[in-house]
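Trainee: Submitted below is the structure of interest, expressed as structure tokens.
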Amino acid sequence: MKFLLASALLAASASAFSSPTFVKSNGSSLKMSAVETPTYTFAKSEEIFAEAKELMPGGVSSPVRAFKSVGGNPVVFDKVKGAYAWDVDGNKYIDYVGTWGPAIIGHADDVVLDAVKATMDKGTSFGAPCPLENDLAKMVIEAVPSVEMVRFTNSGTEACMGMIRLVRAFTNREKIIKFEGCYHGHADSFLVQAGSGVATLGLPDSPGVPASATKATLCAEYNNIESVKAILDENKEEIAAIILEPVVGNSGFIKPDKKFLEELRELCDKNGTLLVFDEVMTGFRVAYGGAQEYFGVTPDVTTMGKVIGGGLPVGAYGGRRDIMEMVAPAGPMYQAGTLSGNPLAMTAGIETLKRLKEDGVHAELERKSKMLVDGIVAAGKFHGHAITGDVAGGMFGWYFVDGPVKNFAQATKADGEKFGKWHRMMLERGVYLAPSMYEAGFMSMAHTEEDIKKTIAIAEEVMAKL
């Protein structure tokens, strides 16, 4: 008796939240087509990447793009639009990377492009105050519960660099607590058990980081409040801040227990320590007000990026007014940036947030994310694979391991070899996923149910071959 994914799954309604159903087929109309998806070839990508390796370290401008952890070489993109990407060989992909998160309303949105083009006619950078900064700042302050003032930067890493200096200046303490597998950019202080690209490359940290830069960085286990209490007890009145990804997207996808976040808030209040949410990934993605709105826990300081730039380079950090007034020129804590608040990034961010503020956007993003993850997990289990997955708003992920996964140590037990094979086979059939099992996936407003159904059907085909 042959078991196949029921066509009823692919005809599921837009409101369906339940897991997909697999049924025995006896040759009736429930049987899916046995036609296999054609696979792509990548001759031009291979040629361009071979040249790139002679010009740039590893052939890329950011390590995870090199496909080191999944095998094979990366495809080279030519263009993007909506939920899709095309490579230089003309292959079309359903894209669930979305330029690593910013493309939440879809790639190359016409409204955003038109606004950026109009702004560009006035100049690409002023190096002086511009009213667009005020406009985006007001939108961020209105949306994010913790933010009363905001400073714009050019990247999430830069935002986290400013943030760590700020929390130390405000508290007059040096030590910070971060969590195993949480990534906060590539500044020296944070490259300790940092997940993401560091984990992908199998490096415990990075050569070139002096011991003095990390001796004040203490690591706790995510979702384990006792590990935090132990560090606080051993370092009384010395911890400036507890810093975390409120949903981890740099160790795959790890959702926090709400109680864990609530207890962190209580511990910070008790110990005179600041609570910092790194919402570079989650900001405006899991909810309009970020993970702090989604879980109902408000930090003291928040870092942001990705979505608030609408696809252009941007970062920001913000928080309570009394904390932010430490930042120069209002206060003594120095941080600056030549292109910070540039009009193009501000414009793209403003137009993107306008769309995200519309009613029901994030509920729909979560519905589609759940439909995708439930379908892929069900297909994996049906074909005998250990697999688990979860979602939050327009962010999701899965691991080839029996779940749930609650911390980085558990994430490392996932089957990386199987993930690499899975990734390549999905890629060859037109589904572009993050090229590391330590990276989250991203849903956009542009993805259709048909895209998701097609992805699940391809996933079922691939799971049968793994």
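The values are calculated or read from the model by the stated rules, or taken from the named source; none is laboratory data. For clarity, every value in this text was computed on a predicted model and none was experimentally measured. No Cβ is skipped: glycine too gets one built from the backbone with ideal geometry, and neighbour counts run over all protein chains shown. Side chains are part of the model used for accessible areas, which takes the heavy atoms of the whole protein and leaves out ligands, DNA and RNA. Shrake-Rupley method; radii C 1.70, N 1.55, O 1.52, S 1.80 Å.
Trainee: For the chain, what is the percent of antiparallel DSSP beta bridges, rounded to the nearest 5?
Mentor: Working: 29 of 46 bridges.
Percentage antiparallel, nearest 5: 65.
Trainee: On the first, second and third principal axes, largest extent first, how far apart are the outermost C-alpha atoms of region 65-165 in Å?
Mentor: 45, 36, 26
Trainee: OK, next. Give me, ordered by chain and number, the residues 5 or more places off Ala240 or on other chains with an amide H under 5 Å from its own placed amide H.
Mentor: Here Glu174, Lys175, Ile176 satisfy the definition.
Trainee: Restricting to Cα atoms and excluding each atom paired with itself, what does the Kirkwood estimate give for region 283-432 in Å? Show your work: numbers first, answer last.
Mentor: Details: mean 1/r = 0.0543 Å⁻¹.
Evaluated on region 283-432, it is 18.4 Å.
Trainee: Report the label-to-label distance for Asn73 and Val60 in nanometres (one decimal), using points 7 Å from each Cα along the Cα→Cβ vector.
Mentor: Each label point is offset 7 Å from its Cα along the Cβ direction, giving 1.4 nm.
Trainee: Which pairs in the list Lys53/Lys81; Lys258/Lys465; Lys175/Lys258; Lys306/Lys368 are over 31 Å apart, alpha-carbon to alpha-carbon? Numbers along the way, then the final one.
Mentor: Numbers: Lys53/Lys81 27 Å; Lys258/Lys465 38 Å; Lys175/Lys258 25 Å; Lys306/Lys368 21 Å.
Table pairs above 31 Å Cα-Cα are Lys258/Lys465.
Trainee: Right, here's the next one. If you count only protein heavy atoms with a 1.4 Å probe, what accessible area per residue comes out for the chain, rounded to a whole Å²? Show your work: numbers first, answer last.
Mentor: On the way: 19400 Å² over 466 residues.
Spelled out: the 1.4 Å probe surface of the chain, per residue, equals 42 Å².
Trainee: Give me log10 I(q)/I(0) at q = 0.14, 0.20, 0.21 Å⁻¹ for region 191-344, Debye formula, one equal scatterer per alpha-carbon, no solvent.
Mentor: Relative scattering, expressed as log10 I(q)/I(0), comes to -0.83, -1.56, -1.59.
Trainee: Another one. Which whole-percent values make up P(r) of region 414-459 when all C-alpha to C-alpha distances are grouped in 10 Å steps starting at zero?
Mentor: It works out to 24, 53, 22, 1, in whole percents.
Trainee: Could you tell me what percent of the accessible area of region 203-359 is made up of carbon and sulfur, with a 1.4 Å probe and every protein chain present?
Mentor: Numbers: 2940 of 5850 Å².
C and S fraction of accessible area: 50 percent.
Trainee: Specify the angular offset, from 0 to 90 degrees and rounded to the nearest 10, of the alpha carbon long axis of helix 416-428 from the longest principal axis of the alpha carbons in the chain.
Mentor: Once rounded, the angle reads 70 degrees.
Trainee: Of the DSSP beta bridges with both residues in region 240-387, give the percent that are antiparallel, rounding to the nearest 5. Could the numbers behind the result be given before it?
Mentor: Details: 6 of 14 bridges.
Antiparallel bridges: around 45 percent, rounded to the nearest 5.
Trainee: Could you tell me the distance between the Cα centroids of region 226-272 and region 344-371, to the nearest Å?
Mentor: 28
Trainee: Moving on. Taking R0 as 51 Å, what's the FRET efficiency between Glu148 and Leu466 from their Cβ-Cβ distance, rounded to 0.05? Please report the intermediate quantities before stating the final value.
Mentor: Numbers: r = 50 Å, r/R0 = 0.98.
My answer for the efficiency is 0.55.
Trainee: Provide Rg and Dmax in Å for the chain, with only Cα atoms included in the calculation.
Mentor: Rg and Dmax of the chain, Cα atoms, are 22.2, 75 Å.
Trainee: With charges set only on the Cβ (+1 for Lys and Arg, -1 for Asp and Glu), what does the dipole of region 30-100 come to about its Cα centre, in debye to the nearest 20? Numbers along the way, then the final one.
Mentor: Values: 8 positive and 9 negative charges, 59 e Å.
Dipole magnitude for region 30-100 comes out near 280 debye.
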